[in-house]
1. List the relative contact order of the chain as a percent without decimals, with contacts defined as Cα pairs under 8 Å and 6+ residues apart.
2. If the chain between Asp275 and Ile442 were fully stretched, how many nm would it gain, using 0.36 nm times the residue separation less the Cα-Cα distance?
3. Among Ile198, Thr38, Ala252, whose Cα lies farthest out toward the positive end of the dipole of the chain, if unit charges sit on the beta carbon of Lys, Arg (+1) and Asp, Glu (-1)?
4. To the nearest 10 degrees, how steep is helix 201-216 against the longest Cα principal axis of the chain, on a 0 to 90 scale?
5. Using θ = phi - 60° and the Karplus form 6.51 cos²θ - 1.76 cosθ + 1.60, what ³J(HN,Hα) does each residue of segment 172-179 get, whole Hz, x for Gly and Pro?
6. Which is farthest toward the positive dipole end of segment 48-142 among Leu111, Tyr69, Thr80, measuring Cα position about the Cα centre, with Cβ charges +1 (Lys, Arg) and -1 (Asp, Glu)?
7. Please go through the residue pairs Lys59/Lys296; Lys96/Lys210; Lys378/Lys447; Lys241/Lys352; Lys403/Lys453; Lys96/Lys227 and name each one whose alpha carbons sit more than 20 Å apart in this structure.
8. With +1 on each Lys and Arg Cβ and -1 on each Asp and Glu Cβ, and nothing else charged, work out how big the dipole of the chain is about its Cα centre, in Debye to the nearest 20.
Amino acid sequence: MSKKFKIKKKIRKSKIVKKPKRLKTAAPAKEKPKELQTLRGMRDILPGESKYWNFIKEKAENFALNYGYEFIETPILEETSLFARAVGGETDIVAKEMFSFLDQGGENVCLRPEATASIARAYIQHGMINLPQPVRFFYFGPMFRYDRPQAGRQRSFHQFGFEALGEGHPILDAEIIFMVFNFFQELGLRVNVQINSIGCSRCRESYKTKLVNYYRERRSELCEDCKRRLVKNPLRILDCKEEGCQSLKGEAPQIVDWICEDCKNHFVRVLEYLDEVNVPYNLNPYLVRGLDYYTKTVFEFFPEETAGPEASKSDALAGGGRFDNLVEFLGGRPTPACGVALGAERIILRIKESNISVPAPRRLEIFLAQLGEQPRKKCFKLIEDLRRAGFYVAHSLSKEGLKKQLEMANKLGVRYTLILGQKEILDGTIIVRDMEGEAQEIVNFGKIVQEMKKKLISEQIIPKISEAPH
Ligand code: AMP
């Protein structure tokens, strides 16, 4: 026996160890991995909904272009102090609803709860005071608020909006309200505009004193939140939907009776401009908006049927107002401004509930089916030629067999399927299959792009494509 073999045997022997007898116990139940889902109050927007998103996005972008608002995109993550300073530390948004955390560098950052503060920050940071004023911005993007989720209120939602910085004239307030009113009209949604003035920082202070005096005498009738608001943010008591607080506000002093001459004058002129263009509005002395940066005009848009005094915060489709002190407050030069934010999810919900028809997305026109490796390669290139010519093209390059590919083309609802096999390659042709009539014709491969153009334009399935897009 060779030395090598002996060693191997030794090792094998040494491995035979008697296993201890197992005690019979119940096998531990295998823990099922937790199903991964979106976070509470957040949702996916799936392809089936895209027609609604495209519809409002396109409309909003057109409005922005028509009215001279330019697109701005600010980061979703900002310093927490930006919102604490701009929106106000005692507001619900900052006190309760911020998604804030320390980043790896120890900086306190947060997901933006709204866009106005970021836009004011960008305006200062990039010296936009030197541009012709007002500078008009349009934005569209996700916002985050850690609120209690319910119908129309999510933790992650989308707002789009219009902000004009560098103009104090009341015509700007009216312009923005008129623009948003027209926007809703063009969508086919009937809305009601609620409007108020909350004065400037000076006259608001004297009003706050009156309000606090009024509520202090009735403190025991206030809800717990409003008892806290009485000290920290008394204007918000007017906003409270609790029954007890609601019934008290009828007798409360109204801000319009306490604002200074300048603010009163401003407000009256805004209303006159709205009258001029026949925008119907309701004066709402209790509308204060939740954010500290507002001055003078504040407004909200509600669906017409829910616009009564019981309208809840979750019904509003849009809201905005003047913010004359914000830029200066964040370290810039005095810059009067006005803006509005619209809630995309709530608007889409209203469009669906009102059965408003929105344009269907353009359907796929051509499907490419191939039979074999060589045809696959030719189709691979042909897809790009067809795309450059402006067609919407689907394919199944990875699949084998015509039946499966035609089934897929049927499911996608394409108008024509182009079929390329070995025979067609030898003949220099390609088959065009009409997916509605099911007739087939053989076309010269080199002329297929032209042929498809002719067919689809004559059937008015695609508009005249003048230039190939890239
Ligand atoms: P605000 O910044 O709170 O004035 O909100 C402006 C608009 O954004 C509202 O009128 C709503 O349409 C929408 N909005 C605000 N908060 C939410 C939310 N949590 N979920 C969905 N939409 C919201």
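1. Numbers: 717 pairs, mean separation 64.9, N = 470.
Dividing the mean separation by the residue count of the chain yields 14 percent.
2. Numbers: separation 167, 0.36 × 167 = 60.12 nm, distance 6.56 nm.
Extending this stretch completely gives an extra 53.6 nm.
3. Thr38
4. Approximately 80 degrees, to the nearest ten.
5. In residue order, the calculated couplings are 5, 4, 5, 4, 5, 5, 4, 4 Hz.
6. Looking along the dipole axis, the top candidate is Tyr69.
7. Details: Lys59/Lys296 29 Å; Lys96/Lys210 27 Å; Lys378/Lys447 14 Å; Lys241/Lys352 27 Å; Lys403/Lys453 26 Å; Lys96/Lys227 16 Å.
Over 20 Å Cα-Cα: Lys59/Lys296; Lys96/Lys210; Lys241/Lys352; Lys403/Lys453.
8. Details: 76 positive and 62 negative charges, 1174 e Å.
Dipole magnitude for the chain comes out near 5640 debye.
Computed from the coordinates by the stated procedures, all read-outs in this text should not be read as laboratory data. Since we're looking at a predicted model, the values are computed, not measured. Glycine also receives a Cβ, built like all others from the backbone with ideal geometry; neighbour counts cover every protein chain displayed.
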